[in-house]
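Structure record follows, encoded as C-alpha cells.
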C-alpha cells in the first residue's frame, strides 16, 4: 500500500476540478464602479490623451476584476484601483514617453516665492487670479501636463483623488515624507507655470 | 530652523497631515514669521481652488456600458477557463471508464473477471511479483482499486491537456491542426512509453485488446468534447 500515499486523492481531484471559481461580478461592481469617474480622471491627467486614458481605465478594471479576490474590503478601493492603474501606466504607457527635461528647481522656487510675496503689494496677484480667471480655462490642465510624472502622480492622487498621504505612499511605493515633498513641489511648479501664462497673456505684470 | 525647512512642510500643514509635534512647531514659526504666514495663507487658498478646478471628470455612459460589457465578457472567459479543467477531468474519467468496462467485459468473457486490473496493479505496485505465472494470479480487490484509480488519474491528465488545447483552438482556429498533432503525439507518446516500461505485462495482455480499448476510450472522449464544443472549427 505504499503507493497509495503518493497518489492524488479523489477529494483533491475534485478540488482541482472546481478551482478558480470566478469572483462575484456583483461584488466587484459594487466596490469598484462607483470610483470610475475618479479612475478615469486620474488616467486622463496621467496620459494626457483621451483614447489612452480609456484604454488604461479598461485595463485597470479588467485586471482589478481578475485579482479582486486579493482586494481587502477593509481598505480603500479607490486607492487599490489607482495603485493597479499606476502600475499599468508605468509598465505600458510610460515607455513610450521621452525622458523628462531637467528642471531648474532653484528658478521655480524663486519665481514661486516672488509670486506669493507679491500678494498684498499688487492686488491683482492672488490665487483667484491664478486659477479662476476666464482666461485660465484649459490652462490649468495644460500646466499639469508640464509636471514630471512622479510629481503629477502625487498631485493627482492627493489633490484630485483625495487619497491620504499614507495611501498615496502605498500607491507610489514611497515613504510619506517623499509624498509630502513631491506634492509640495507639484503645487509650486503648477502655480509657477500658471503665473508664467498669466504674465504671457498680460493678465498681470511682473 | 530656517524658512526653507518650513516651506517644505507648509503644504502638508495646509492638508493637516503633520504629526502633533510638527504641527506645534510650524504653528509657532508661523506666528513669528510673516513671510511664512503669507505662504501658508496663499497655499490654503490654492488648495481650495485646486479642489474646485479638478473635480472628477464625468464619464460618458457609453464608456461605462462598454466597460461593463467587457467585464461580462471576462466573466464568460473565466467560466471557460474554469470549466476546461473540470471538462478535461470529466472527459478523462469517461475515457478511463470506457477502458475499464472494455476489459471487464473481455475478462468476464474469458471467465476471469477483473484479471486485467489485477495484472496491471501487480505490475505497478508489486513490481511484477507473481507475474511469472499470471494465470495463477488471484484477483485482488486492492490491486484492482489502486490500478483503477491510477488509470483514472492518467486519463484525467490526458483529458485536461486535450481540454486546454480545445480552449486554445477556440481562440485561435489557425493553430487547430498543430494542436491536434501535438495531442496525438502526446497521447501516443504516452502509450508507447507505457508499453516500454510495462513490457512484461504486454506479453500477458493481448495487444489488440489494449489497442481496441484505447481506441474506444478515444472515441468516447472525442464524442464528449464534440458535444461540449459543437462549433469547434479546425483550420489547417
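Going by the structure shown, is residue A:128 at pLDDT 85 or above and either in contact with a strand residue (DSSP E or B) (Cβ under 8 Å, 6 or more places away or on another chain) or in a helix (DSSP H, G or I) (or both)?
no
Taking into account only those residues within the stretch B:110-130 that are part of a loop (DSSP other than H, G, I, E, B) and at pLDDT 80 or above, which is nearest to residue B:154 (Cα to Cα)?
B:114
Out of the helices (runs of 4 or more DSSP H) lying entirely within the stretch B:1-77, which hold 3 or more residues that are within 14 Å of residue A:184 (Cα to Cα), more than 46 Å from the chain's Cα centre (by Cα) and in contact (Cβ under 8 Å) with a residue 24 or more places away in the chain?
Of the helices (runs of 4 or more DSSP H) lying wholly inside the stretch B:1-77, those with at least 3 residues that are within 14 Å of residue A:184 (Cα to Cα), more than 46 Å from the chain's Cα centre (by Cα) and in contact (Cβ under 8 Å) with a residue 24 or more places away in the chain span B:3-14, B:34-53.
Given the conditions (1) more than 14 Å from every other protein chain (Cβ to nearest Cβ); (2) modelled with pLDDT of 85 or more; (3) more than 17 Å from residue B:216 (Cβ to Cβ), report the number of the one that residue B:107 does not fulfil.
Going through the list (1) more than 14 Å from every other protein chain (Cβ to nearest Cβ); (2) modelled with pLDDT of 85 or more; (3) more than 17 Å from residue B:216 (Cβ to Cβ), residue B:107 breaks only (3).
Return yes or no: is residue B:159 crowded, with 21+ Cβ neighbours inside 10 Å and at pLDDT 80 or above?
Yes, satisfied.
Scan (1) assigned to a helix (DSSP H, G or I); (2) more than 10 Å from chain B (Cβ to nearest Cβ); (3) modelled with pLDDT of 90 or more for the single condition residue A:174 breaks and write down its number.
With respect to (1) assigned to a helix (DSSP H, G or I); (2) more than 10 Å from chain B (Cβ to nearest Cβ); (3) modelled with pLDDT of 90 or more, residue A:174 is out only on (1).
Restricting to the stretch A:143-171, count the residues that are in contact with a helix residue (DSSP H, G or I) (Cβ under 6 Å, 6 or more places away or on another chain), closer than 20 Å to residue A:78 by Cα and assigned to a loop (DSSP other than H, G, I, E, B).
2
For every residue, the table says whether it meets (1) in contact with a helix residue (DSSP H, G or I) (Cβ under 9 Å, 6 or more places away or on another chain); (2) exposed (fewer than 11 other Cβ atoms within 10 Å of the Cβ); (3) facing another protein chain (nearest Cβ under 7 Å).
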| site | (1), (2), (3) |
| --- | --- |
| B:16 | yes, yes, no |
| B:28 | no, yes, no |
| B:57 | yes, no, yes |
| B:61 | no, yes, no |
| B:65 | no, yes, no |
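Just the residues that are at the interface with chain B (Cβ under 10 Å from one of its Cβ atoms) and within 12 Å of the chain's Cα centre (by Cα), please, taken from the stretch A:24-52.
Matches in the stretch A:24-52: A:38, A:39, A:40, A:41, A:42, A:43, A:44, A:45.
The values are calculated or read from the model by the stated rules, or taken from the named source; none is laboratory data. In this text, all values refer to a predicted model and were calculated from it rather than measured experimentally. All Cβ positions, glycine included, derive from the backbone under ideal geometry; neighbour counts span all protein chains shown.
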